[in-house]
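What follows is a single structure, written as structure tokens, with notes after it.
The values are calculated or read from the model by the stated rules, or taken from the named source; none is laboratory data. Note that the structure is a prediction, hence the values are computed from the model and not measured. Methodologically, a virtual Cβ is constructed for each residue, glycine included, from the backbone with ideal geometry; neighbour enumeration extends over all protein chains shown. Just the protein is used for accessible areas: all its heavy atoms, side chains included, with ligands, DNA and RNA removed. Shrake-Rupley method; radii C 1.70, N 1.55, O 1.52, S 1.80 Å.
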Amino acid sequence: MSSVRLRRALSLTQGSLFKNIFIFSLPLMLSNVLQVLFNMSDVAVVGRFGSSDALGAVGSTTTYVALFTGLLIGLGTGINSIIAQRLGAEDDEGTSRAAHTAFIVSIAFGIAVSAAAIALARPVLSVMGTKPEFMDGALLYVYIYFSGSTATSVYNFGNGVFSADGDTKRPLIFLASAGVTNVLLNLFFVIVCRMSVAGVATASSLSQWLSAVLIVVALFRSDRPYKLNFSRMKPDAKIARRVLLLGIPAGVQNAVFQAANLFIQSGINSFDRTVVEGNTAAVNADTLVFEIMAAFYTAGTSFIGQNYGAGKRDRILRCYFISVGYSFLSGLVFGLLLFAFGDVFLSLFTGDAAVIDAGVKRLEVMCLSYSISAFMDGTISAARGLNRTLVPTIIVMLGSCVFRIFWVYVIFPLTGTTTLLYLLYPVSWTITAVAEIVYFIFAYRGAMKILRPSQESENCKNLAI
């Protein structure tokens, strides 16, 4: 292992946690924001320059698209884990077999997700209560958008491989290139070609393929053990099963969140089109803030995992508190900014004053609530750093999914107002956070019993070699 790579590993277990967690989170944050902007440009362009029904049509698909995209992101998480383990063991042959198998699996999985998303679009959007005037546009958007889902799967595969080797720069560059292309194509197809919904969907699909091509070309040109080669494109059944066993549960957890949001969207769809379009515009703020916050608790998982493995028990709790603290502060700061300048932000997506007012009503509830989610998500990530995944996932499913469905069908009808509907977010986050924190205390105490003081000194000695 080179000294550069060793210093990268040691930076998680040595030095200032305040400084290192922040620095570690910055590229993650930039990458997350770029992915958000990639999708936000569709809504912004179609809202400002498309037909009158275009914003509502595209907005009606947001949760549906996120549901299936979450499956693809989860697969990339599994691939990252497998490649990282092979690289850490300096198993070049195993790394190569894993990379080629994962590449084939990602293509097959992307095709399967594309077929499922297209086949289920009409019945699911109907169950969600999508308004008749939005339905044709929403279906058109889904059909075209998911023609690029195989590319999304391949990009996440490549991102998982490069990230496992500590290379986050190239995936970020490829994503930025695709994002800029997406915006330019959006403007061209919508303003010049007058394609409206079809235009933004086509732009997204083509941009997804661009990011996939760029990352695959880089993998074919790589000089690392995971270098792709056509002559080695033979899947290993055991590795393929492991990729799916690690990736699908992570994807399912992402999808479960979105599945619960489908029911929330059905509540939104019970209002008039102005509220639907206002909610569509305001949801972009949620996504942006959540992805900024996610960078910090994602870093928390890495830092807690590394320090737990190194036996540095004194740093584990500090990693947890600092990562959650950063996430909380970022949610609070950006939430307050949106509270103050919400109408300006919403004007990026629509020029309709009534739609902006409807969006502001959502932001008034959400802006002061974002920071609460840090305690839920940050604690879940910390538990994963201690190798605890099953119970946190079950708690999330009950607290943030089942409870939300209960709220939509039992609590929301009591007044039927948008405010009561939006309040389910902070309430569900609070309930889930309390349960997650109680479990984390239990998990932490159990981990500290396993992590004996003698192990701490031995692990530190081994790490220093």
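So T350 clears everything in (1) within 21 Å of L424 (Cα to Cα); (2) outside any helix (DSSP H, G or I); (3) open to solvent by less than 60 Å² (accessible area, probe 1.4 Å) except one condition, right? Which one?
Every condition holds for T350 apart from (1).
Answer yes or no: is there a residue in region 310-331 that is under 22 Å from D42 (Cβ atoms) and part of a helix (DSSP H, G or I).
no
Please specify each residue of region 103-117 satisfying the condition of being farther than 13 Å from I248 by Cα and surrounded by 21 or more Cβ atoms within 10 Å (Cβ to Cβ).
Within region 103-117, F103, S114, A117 qualify.
Does L140 count as open to solvent by 40 Å² or more (accessible area, probe 1.4 Å), hydrophobic (A, V, I, L, M, F, W, C), over 22 Å from the mean Cα position of the chain (by Cα) and at pLDDT 90 or above?
When the stated conditions are applied, L140 passes them.
Would you confirm, using the coordinates I've provided, whether T432 is open to solvent by less than 10 Å² (accessible area, probe 1.4 Å), in a helix (DSSP H, G or I) and touching a residue at least 12 places away in the same chain (Cβ under 8 Å)?
The answer is yes for T432.
Against the definition (β-branched (V, I, T), under 20 Å from the mean Cα position of the chain (by Cα) and open to solvent by less than 10 Å² (accessible area, probe 1.4 Å)), how does V200 come out, yes or no?
The answer is no for V200.
Of the conditions (1) open to solvent by less than 60 Å² (accessible area, probe 1.4 Å); (2) assigned to a helix (DSSP H, G or I), G416 fails just one. Which one is it?
The failed condition is (2).
Return the pair list, or none, for Cβ contacts closer than 9 Å from residues in region 262-280 that are under 18 Å from R122 (Cβ atoms) and of a type in the set (A, V, I, L, M) to residues that are part of a helix (DSSP H, G or I) and open to solvent by 10 Å² or more (accessible area, probe 1.4 Å), at least 6 apart or on different chains.
L262/T63; L262/L67; L262/V124; L262/V127
When you scan region 389-406, do you find a residue that is among the β-branched types (V, I, T), open to solvent by less than 10 Å² (accessible area, probe 1.4 Å) and either part of a helix (DSSP H, G or I) or at negative phi (or both), even just one?
yes
In this structure, does L368 turn out to be part of a loop (DSSP other than H, G, I, E, B) and either open to solvent by 60 Å² or more (accessible area, probe 1.4 Å) or β-branched (V, I, T) (or both)?
yes
Has region 448-455 got at least one residue that is β-branched (V, I, T), modelled with pLDDT under 80 and open to solvent by 30 Å² or more (accessible area, probe 1.4 Å)?
Yes - at least one qualifying residue is present in region 448-455.
Condition first: outside any helix (DSSP H, G or I) and of a type outside the set (K, R). Now tell me which residues in region 371-388 satisfy that.
L386, N387
Look through Y320, Y297, Y308 and report the one residue that is farther than 30 Å from V127 by Cβ, hydroxyl-bearing (S, T, Y) and within 19 Å of the chain's Cα centre (by Cα).
Residue meeting the stated conditions: Y297.
Among the residues of region 339-347, is any open to solvent by less than 10 Å² (accessible area, probe 1.4 Å), closer than 18 Å to A281 by Cα, assigned to a loop (DSSP other than H, G, I, E, B) and not small (G, A, S)?
The answer is no, given that none of the residues of region 339-347 is open to solvent by less than 10 Å² (accessible area, probe 1.4 Å), closer than 18 Å to A281 by Cα, assigned to a loop (DSSP other than H, G, I, E, B) and not small (G, A, S).
Looking at region 159-166, can you tell me whether even one residue there is of a type in the set (D, E, K, R) and either open to solvent by less than 30 Å² (accessible area, probe 1.4 Å) or closer than 29 Å to I23 by Cα (or both)?
yes
For region 212-234, which positions are small (G, A, S) and not in a loop (DSSP other than H, G, I, E, B)?
Hits for region 212-234 are A212, A218, S231.
Within region 56-65, is even one residue at pLDDT 75 or above, aromatic (F, W, Y) and open to solvent by less than 20 Å² (accessible area, probe 1.4 Å)?
Yes, some residue in region 56-65 is at pLDDT 75 or above, aromatic (F, W, Y) and open to solvent by less than 20 Å² (accessible area, probe 1.4 Å).
Return the only residue of N279, N269, N284, N307 being surrounded by 19 or more Cβ atoms within 10 Å (Cβ to Cβ) and farther than 29 Å from T61 by Cβ.
Result of the check over N279, N269, N284, N307: N307.
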